[in-house]
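The values are calculated or read from the model by the stated rules, or taken from the named source; none is laboratory data. Treat the numbers as computed from the prediction; the structure is a model and nothing was measured. Glycine also receives a Cβ, built like all others from the backbone with ideal geometry; neighbour counts cover every protein chain displayed. Quick note on the areas: whole protein, heavy atoms, side chains included, nothing else; ligands and nucleic acids left out. Shrake-Rupley method; radii C 1.70, N 1.55, O 1.52, S 1.80 Å.
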Amino acid sequence: MARAHTWEPEALRLFRGLLFLYPAEFRAEYGRELCLVFADRCREERSLAGLFAVGLQAVLGIFREAPKEHYHMIVQDFRHALRVLRKDAPVTAAAIAILALGIGSATLVFSLVNALLLRPLPYPGQDRIVAVNEYSPKNRDENGSLAFPNYADLRARTHLLLDLGVYTPDQFTLRGEGAAERVPGAGVSDGVFRILGVAPLLGRVFTRADVLPHGPKVVLLGEELWERRYGSDPHVLGRQVDVAGVRSTVVGVMPRSFHFPDRAEIWSPLQLDLATVRRTDHYLTGVARLKPGVSIAQANAEIAGLFHQIQLENPAANNGWRTRVLPYRDFLASSFRLTVLTLLAAVGLLLAIACANVSNLLLVKASARSGEMAVRTALGATRRRLARQLVSEGVVLGLAGGALGVLLAVLGIPALLALIPIDLPRWMVFSLDHRVLGFALALSLVTSIGFGLAPAFGSFGELSGALKAGGRGGSTGLRQKLLRQGLVVGEVALSVTLLTGAGLLVKSFVALKGQSLGYRTESVLAVRFAYPENRYPDGAPATRALMARIAEQVETLPGVTSAAISSGVPLDDGWGRIFTIEGRPRPLKDMPYVNHIVTSPGYFRTLGIPLLRGRDFTAADYDAPRIVVVSRSFAERYWPHESALGKRIQFGPPDRNEAWHTVVGVAADSRHGRLKGEDRPNVYLPYNPDFSTDSLLVRTASDPARLVSAIRSRIVGIDRDIAVNPALTLAEIADRAAWRDRFSTVLFGAFATLALVLAAVGLYATLSYTVSLQTHEIGIRMALGATAARVRGGVLRQGLTLAGLGLALGIAAALGLTRLLAAQLYTVSPLDPAAYASAFVVLLAVALLAAFVPTRRATRVDPVIALRQE
């Protein structure tokens, strides 16, 4: 018995501590009584076991009842919040609309982040799939590629990778069973499918025997292609199909969800011969799967060591490149990462402005309820209880705004995708999955708590004064006033930052689109085609005749002024080669690249590229010694003080000892490889037996889109086995090359416009409320002789003071933050004064406009009516 009593104080202390699981109001009202009852029951017990049973029962009761009390209180708070918000419907609707814009914009951008950076790839164990590539230290930020001999050596020597494979995207031409069709696909090694872990729907994937240099001609079909072209033939396995002029056996069908890489629908084994493929030919992408327990860092270290050893063993092919192992998801998204993260930061600023705006609305509303809050405080409500009530109102607004924002995001995704003119890879899925919805919910809750607490912080210091004033809603305190003004200053500052960023991107995009490409994009059509290579081998007389006939047939069409054959289309051709100037040998690692363009006569005339010196190609050059036409920048760089005509250059690594080419002409500079950034110089070669051509460029006297059908008919009329891709004008190709810049500019500009509108609304609301509070003061001043101009000046001065502070802070913030846009700008500095001046002028003009209406209202105050309000 004595032992039981010695435990009573400890049991009571534990019980009192557990009471903190109840709401504070419940503890204040019932806590003492519960402790007394528990103490009485403990004293009644005569044994330690009985005391333990009483304690256990009490603890279980607390764990059972405390959540119920919280639930009832939360329900009560939300019911009261709904009643309060319903009573002031216009303010509630405005707050929900503002939040919907902010949360909807953030959710929309996060759906991009989710699709590009977060959503798992459709492969089992995708976190262990990595990319393995070589890269040049001079272009570390660019995704590199892997040479086939290096891949073979790395695969044979690695101990930390389960397997290593390579692939290269391609376009395959299917013939037979209908019209010739170009289908996106890929050449892959045998390890790729094992690495990705995707089983075929029918048949098998490639084996080691399939990728031998003289292995069987086999192919894998995608399920959609199998349905579309072969009618879901259940006996398709073993069927012979014509793929790029080669009879190949179908050995498997991959499931509908599999489109590796990007949008592939057909796969062919890479049957490369180590004896003929060079270590300096980089066009393959490596993919591997890590062994269990192996980290990226460990794999990087091993591959780097192996590659260094391979370079030592092959000094003639050592170009100074290095290797890199990185998560495959990061490899795929690397070119998009900076853009989407920049947009996410921009929409974060917009959301902050929206929250500040809503906080300002709720502060104005809270000032009208100061009397109510004071009375509730006098009746015993704690500040914590009042704060929770205000937060409950904020949560209701936040959830409503979040729900409407998600709806706006759903409606906005198609509009967002409409800004992207290219076919995106299939692994990019822009739907609202659980991550996006969870983000929207978390954003709604976090923001609602933030702007819900703002009125509480601004109001609590004035409760006693409001009670003494009889609860008059027109009074306000210094703390609330400073908080309102601080929010407006913050809105203006964030808006300036967004406006400056948008101005930089707009100026950059205008410069990008307005630059001289070196040729005229208007009225030029680009058509890619594929002819049966088994009947038209490279360099054969039949192939040469085919190229000439295609150009001649198209040129006879009414409205066509010229046509030319080329190995690539400007801004859509990444083919580059290293070269050597005669008499100036360089180490392999220092050899530069040029755009290597094979053309037929008439190429320069069709594109409108001026020939500055020398001559153009002619039909006789097919049989002439090796010749080239170089661009002006190439000639000036390598023969700065002498004529380039007659000079010689050699392509490829020195150990290949390729033929020397003589310069016969110098053409004006033009952008061929890339629209943005530094492009490689151009070198043009006449059509010859060493290279194939697959592009037709056509200049027309009118809209080229009207001639697409006729051009296609002429080409197919020559040989129905020629597959013709959808035609694009050079203007459309240039638009596609600039789509990322346009995408960022449009979204950034939209966010900046919304921010500007919200900042103007916030400034207007603050000045309007200030005027309403100063009605009595203005009346007295006007009764004492103050002029309307003086009163207007005072109100306008308040508005411009707030705007000026925001402008100063915003410009300072923009000077630091816009540097993050440097990599996305073209010929524009992040400190471009025009962008900053434009943002300053625009926001100042908007601030003046927002202050105009409250200023006019201030001068219309009737002194007599104002004095009667007292």
Kindly list, by first and then second residue, each pair from a residue in the range 550-563 that is under 17 Å from residue 724 (Cα atoms) to a residue that is part of a loop (DSSP other than H, G, I, E, B) and open to solvent by 10 Å² or more (accessible area, probe 1.4 Å), limited to pairs with Cβ atoms under 9 Å and residues at least 6 apart or on different chains. 550/531; 551/600; 551/601; 563/557; 563/600
Tell me, yes or no, whether the range 594-606 has at least one residue that is out of contact with any helix residue (DSSP H, G or I) (no Cβ under 6 Å at 6 or more places or on another chain), more than 28 Å from residue 280 (Cα to Cα), of a type in the set (Phe, Trp, Tyr) and in a loop (DSSP other than H, G, I, E, B). no
Filter the range 158-183 for residues that are more than 22 Å from residue 147 (Cα to Cα) and among the acidic types (Asp, Glu); which is nearest to the chain's Cα centre (by Cα)? 181
Tell me, please, whether a residue that is in contact with a Ser or Thr (Cβ under 7 Å, 6 or more places away or on another chain) and open to solvent by 20 Å² or more (accessible area, probe 1.4 Å) can be found in the range 676-689. yes
For the range 44-67, which residues satisfy the criterion of being in a helix (DSSP H, G or I), open to solvent by 70 Å² or more (accessible area, probe 1.4 Å), of a type outside the set (A, V, I, L, M) and more than 11 Å from residue 11 (Cα to Cα)? 44, 57, 63, 64, 67
Open to solvent by less than 40 Å² (accessible area, probe 1.4 Å) and part of a loop (DSSP other than H, G, I, E, B) - does that describe any residue in the range 694-717? no
So residue 309 fits all but one of (1) in a helix (DSSP H, G or I); (2) open to solvent by less than 50 Å² (accessible area, probe 1.4 Å); what number is the exception? (2)
Take residue 617 and decide whether it is outside any loop (DSSP other than H, G, I, E, B) and in contact (Cβ under 8 Å) with a residue 24 or more places away in the chain. no
Please indicate, with yes or no, whether at least one residue in the range 336-343 is open to solvent by 40 Å² or more (accessible area, probe 1.4 Å), under 30 Å from residue 479 (Cβ atoms) and assigned to a helix (DSSP H, G or I). no
How many residues are polar (S, T, N, Q) and assigned to a helix (DSSP H, G or I) when one looks only at the range 800-834? 3
Hey, among the residues in the range 198-207 that are surrounded by fewer than 21 Cβ atoms within 10 Å (Cβ to Cβ) and touching an Asp or Glu at 6+ places or on another chain (Cβ under 7 Å), which one's farthest from residue 256 (Cα to Cα)? 207
Residue check for residue 100: surrounded by fewer than 19 Cβ atoms within 10 Å (Cβ to Cβ), modelled with pLDDT of 80 or more and in contact with a helix residue (DSSP H, G or I) (Cβ under 7 Å, 6 or more places away or on another chain): no
Where the second residue is outside any helix (DSSP H, G or I) and the first is under 15 Å from residue 810 (Cβ atoms) and lies in the range 829-840, which pairs have Cβ atoms under 8 Å and are six or more apart or on separate chains? 835/828
Assigned to a strand (DSSP E or B) and either under 24 Å from the mean Cα position of the chain (by Cα) or of a type in the set (A, V, I, L, M) (or both): is that true of residue 186 in this structure? yes
Top-ranked residue of the range 414-440 - restricted to ones that are in contact (Cβ under 8 Å) with a residue 40 or more places away in the chain and assigned to a helix (DSSP H, G or I), ranked as surrounded by the fewest Cβ atoms within 10 Å (Cβ to Cβ): 435
For the range 250-271: of the residues being open to solvent by 40 Å² or more (accessible area, probe 1.4 Å) and among the charged types (D, E, K, R), which is farthest from the chain's Cα centre (by Cα)? 256
Quick check on my filter: what residues within the range 500-532 are more than 30 Å from residue 667 (Cβ to Cβ) and in a loop (DSSP other than H, G, I, E, B)? 532
Filtered residue count, the range 235-249, keeping only those that are in contact (Cβ under 8 Å) with a residue 40 or more places away in the chain, open to solvent by 20 Å² or more (accessible area, probe 1.4 Å) and assigned to a loop (DSSP other than H, G, I, E, B): 1
How many residues does the range 605-648 contain that are open to solvent by 20 Å² or more (accessible area, probe 1.4 Å) and of a type in the set (A, V, I, L, M)? 6
Which residues, counting only those in the range 694-710, are closer than 17 Å to residue 569 by Cα, of a type outside the set (D, E, K, R) and at pLDDT 90 or above? 695, 696, 697, 698, 700, 708
For the range 213-234: of the residues being in a loop (DSSP other than H, G, I, E, B) and not charged (D, E, K, R), which is least open to solvent (accessible area, probe 1.4 Å)? 215
Out of everything in the range 662-684 that is closer than 15 Å to residue 638 by Cα and of a type outside the set (A, V, I, L, M), what residue ends up being farthest from the chain's Cα centre (by Cα)? 662
First in the range 152-169 and touching a residue at least 40 places away in the same chain (Cβ under 8 Å), second anywhere and open to solvent by 30 Å² or more (accessible area, probe 1.4 Å) and among the aromatic types (Phe, Trp, Tyr), Cβ under 7 Å, 6 or more apart: 168/283
Go through (1) surrounded by 16 or more Cβ atoms within 10 Å (Cβ to Cβ); (2) over 37 Å from the mean Cα position of the chain (by Cα); (3) in a strand (DSSP E or B) one by one and return the number of the condition residue 210 breaks. (3)
